[in-house]
Amino acid sequence: MFSVDVTSSLGNIVVETETNKGHDPEWWAQRCTDRICSISENAEGHIRQQAEEYRLAIYNTILYHIKCAMNSERCTMANLLRTQGHEDLAKILKEL
């Protein structure tokens, strides 16, 4: 992964790219979690611990549903290919 962090008048701008692929579900789940939940650096230890556990629960929930959505989309695409007579492509897609 390639990452660039630039500070401008707009604030911090971060660009992350992959080589020859899109981002993994884990990357997307982390971005969603970061947008939903942040933890103060000044939080007391026990509060920080609870917040970290909550944040992990959010991450795992998002990751699970992203993976479900990916499988559902793959199934939909395979079925569309199959109905158009492309059984070979549908089989390849289901194996990915």
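Residue check: N42 meets all listed conditions (1) within 30 Å of I92 (Cα to Cα); (2) open to solvent by 90 Å² or more (accessible area, probe 1.4 Å); (3) more than 20 Å from the chain's Cα centre (by Cα) but one, namely (1). Pairs needed: first member in the range 35-56, without any contact (Cβ under 8 Å) to a residue 60 or more places away in the chain; second member anywhere, in a loop (DSSP other than H, G, I, E, B); C-beta distance under 7 Å; at least 6 residues apart or different chains. Once the first residue is without any contact (Cβ under 8 Å) to a residue 60 or more places away in the chain and sits in the range 35-56, its partners that are in a loop (DSSP other than H, G, I, E, B) give R48/I39; A51/I39; A51/A43; E52/I39; Y54/C37; R55/C37; R55/I39. Against the definition (modelled with pLDDT of 95 or more and open to solvent by less than 100 Å² (accessible area, probe 1.4 Å)), how does A69 come out, yes or no? In short, yes.
Among the residues of the range 81-93, those that are farther than 25 Å from E26 by Cα, open to solvent by 90 Å² or more (accessible area, probe 1.4 Å) and part of a helix (DSSP H, G or I) comprise T83, E87, D88, K91.
The number of residues in the range 52-65 being crowded, with 16+ Cβ neighbours inside 10 Å and over 9 Å from T33 (Cα atoms) comes to 1.
Output the residues belonging to the range 32-66 that are hydroxyl-bearing (S, T, Y) and part of a helix (DSSP H, G or I). Those that are hydroxyl-bearing (S, T, Y) and part of a helix (DSSP H, G or I): T33, Y54, Y59, T61, Y64.
The values are calculated or read from the model by the stated rules, or taken from the named source; none is laboratory data. Worth saying up front: this structure is predicted, and the values here are computed from it rather than measured. Please note: Cβ atoms are built from the backbone with ideal geometry, for glycine as well, and neighbour counts cover all protein chains shown. Keep in mind that these areas ignore ligands, DNA and RNA; they rest on the heavy atoms of the full protein, side chains included. Shrake-Rupley method; radii C 1.70, N 1.55, O 1.52, S 1.80 Å.
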